[in-house]
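The values are calculated or read from the model by the stated rules, or taken from the named source; none is laboratory data. As the structure is a computational prediction, the values presented were derived from the model and not from experiment. All Cβ positions, glycine included, derive from the backbone under ideal geometry; neighbour counts span all protein chains shown.
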Amino acid sequence: MSMFPLWWLVCALIIVTLKVEREDGWNSNHPHNSVNSYYRGRYARQYNTRWRTYTEKTLAAARTLIDGAALQRVLEQHQRPPRMLDVACGTGILIQQMLQQMPNMEAYGIDASADMLTQASESLQDHPQVHLELVDLNAGGLAHSASTLPVFDLITCTNVLHDIADPRTFFAQLRTLLAPGGQLIIEDFAPRQPILLWAVFERLLQWIETAPVHALTVDEAHALCESAGLRVTAQNTFAINWFWHGWVLRAI
């Protein structure tokens, strides 16, 4: 099968799946029918199962760029546990993984889906140092929460940048939440070639999700970091599977 028919077959399968899910469980009149409209109800409850392999690979890629030694030094230098903010934390998987490595870490998670946060709360209920908050990143929620949040030694943002309507402002807001010496880990899926077909695919996703969907390249994310006053210290690209590819970077 040549590349073009294969592309269209994959696009059709994904779009049909999303279309069925929308008709079955989405509410287009919901006041926040962007990211959180997809991740609610039984789809939120099934998220970890349906996206297990994808999540395992993308979060593993993100963890490889986290500077654990720098986090350990926070306790020595500042006499407090390191603080982590997981932006679009979903069901809290990455927070769980980080707490396994650093049980004394103080962790915050924000997400636009109440149903995903409910699952995160249940899985993290034995960790009183975890704080979860409902925040709509595309409705000024991060800017509003910044006034009440502390600064963080680690900020992670995985599998969500493609849904952010204003990435430049988003990066600038993340920078204000970084503590001196803190690190920002950004990970997302990457656009694929041929770019024309990928653009059509994104337009279809936007129609289905009724939300902005635009995958950035690692170079575009690198440039956004620099425009926000951040310095990129490491970046990688990787294959999630034969269709989805991803990238991850660390900035300080």
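General observations
- W8 passes every criterion in (1) at pLDDT below 60; (2) part of a strand (DSSP E or B); (3) of a type in the set (F, W, Y) apart from (2).
- When residues of the stretch 82-97 are limited to those that are surrounded by fewer than 24 Cβ atoms within 10 Å (Cβ to Cβ) and without any contact (Cβ under 8 Å) to a residue 40 or more places away in the chain, the one nearest to R63 (Cα to Cα): Q97
- Odd one out for A165, checked against (1) farther than 14 Å from L85 by Cβ; (2) touching a helix residue (DSSP H, G or I) at 6+ places or on another chain (Cβ under 9 Å); (3) part of a helix (DSSP H, G or I); (4) at pLDDT below 95: (3)
Residues checked against (1) touching a Ser or Thr at 6+ places or on another chain (Cβ under 7 Å); (2) buried (at least 21 other Cβ atoms within 10 Å of the Cβ); (3) among the β-branched types (V, I, T); (4) not in a strand (DSSP E or B):
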{"residue": "E122", "(1), (2), (3), (4)": "no, no, no, yes"}
{"residue": "P128", "(1), (2), (3), (4)": "no, no, no, yes"}
{"residue": "N138", "(1), (2), (3), (4)": "yes, no, no, yes"}
{"residue": "S145", "(1), (2), (3), (4)": "no, no, no, yes"}
{"residue": "A172", "(1), (2), (3), (4)": "no, no, no, yes"}
{"residue": "R175", "(1), (2), (3), (4)": "no, no, no, yes"}
{"residue": "A179", "(1), (2), (3), (4)": "no, no, no, no"}
{"residue": "Q183", "(1), (2), (3), (4)": "no, yes, no, no"}
{"residue": "P191", "(1), (2), (3), (4)": "yes, no, no, yes"}
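- For H214: the one exception among (1) under 21 Å from N236 (Cα atoms); (2) surrounded by fewer than 19 Cβ atoms within 10 Å (Cβ to Cβ); (3) over 15 Å from the mean Cα position of the chain (by Cα); (4) of a type outside the set (F, W, Y): (3)
- Residues in the stretch 48-103 that are among the hydroxyl-bearing types (S, T, Y) and more than 13 Å from the chain's Cα centre (by Cα) were compared, and the one that is nearest to G181 (Cα to Cα) is T64.
- Meets criteria (closer than 25 Å to E56 by Cα, out of contact with any Gly (no Cβ under 7 Å at 6 or more places or on another chain), of a type in the set (A, V, I, L, M) and part of a loop (DSSP other than H, G, I, E, B)) for A215: yes
- Among residues of the stretch 136-157 that are closer than 20 Å to M84 by Cβ, those with a beta-carbon under 7 Å from a residue that is among the small types (G, A, S) and surrounded by fewer than 22 Cβ atoms within 10 Å (Cβ to Cβ) at least six positions away or on a different chain give the pairs V151/A179; F152/A179; D153/A179.
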